[in-house]
Amino acid sequence: MAIETIVLAVGQEDEDRAKRLAETAIEIAEPTGARVVLSHVFSDQEFDEVIERLDFDASENPDPSDVASRHVTTRTVAQSLDAVDVDYEIRGEVGDRGEAIVDLAKAVDADRIIVGGRRRSPTGKAVFGSTAQEVMLSAPCPVTFVRD
């Protein structure tokens, strides 16, 4: 099975592991020539906070992809991909993170998804949920998990 398209999911909580997520994407994309779809999914509240912090005019309904491209986590990953000439595009979404990542993977016919996360107890997952767990259980392709 050839790997042509990789969805790399990043979010607000991935700032500390952005370099590791980028390295993982590069390890897979560089030898295969795959394109990376760099996805940043915002919750409604997070999106409002970010457009305010980045000085977007909220009355103009900024495009989530434009907001994502200016977010520090996305920029960090994009710079790493640029440094090794890995082809990528940035997609921003607003909504449920796990669902949006899976939907994007289906829409772009992804061959791999890369998500980050931290170790959680079974109780923690049940009570608080886990985006990575939701993606791993619902993904249309293999998922690589990058842990703290």
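The values are calculated or read from the model by the stated rules, or taken from the named source; none is laboratory data. All values reported here derive from a predicted model rather than from experimental measurement. Here Cβ is always computed from backbone atoms with ideal geometry, including for glycine, and neighbour counts include all displayed protein chains. Surface accessibility is based on the protein's heavy atoms, side chains included, excluding ligands, DNA and RNA. Shrake-Rupley method; radii C 1.70, N 1.55, O 1.52, S 1.80 Å.
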Given axes a ≥ b ≥ c from the Cα gyration tensor, I'd like to know whether the chain is rounded (a/c under 1.5), prolate (a/b larger than b/c) or oblate. oblate
Once the Cβ-Cβ distance between Asp66 and Ala107 is put in as r, and R0 is 30 Å, what FRET efficiency do you end up with, to the nearest 0.05? 0.95
Whole-percent carbon and sulfur contribution to the accessible surface of segment 1-44 (1.4 Å, no ligands, DNA or RNA) stands at 43
Chain lengthening between Gln12 and Leu137 when straightened (0.36 nm per residue, less Cα-Cα): 42.8 nm
The chain - mean residue ellipticity at 222 nm from DSSP helices (-39,500 (n - 2.57) per run, n ≥ 4, rounded to 500): -14000 deg cm²/dmol
Say R0 is 25 Å: what FRET efficiency, to the nearest 0.05, do Glu27 and Glu52 get from their beta-carbon distance? 0.10
Here the relative contact order (percent) of the chain, from C-alpha pairs under 8 Å and at least 6 apart, is 32
What accessible area per residue comes out for the chain, rounded to a whole number of Å², with a 1.4 Å probe? 54
Cα gyration tensor category, rounded, prolate or oblate, for segment 29-114 with a/c compared to 1.5: oblate
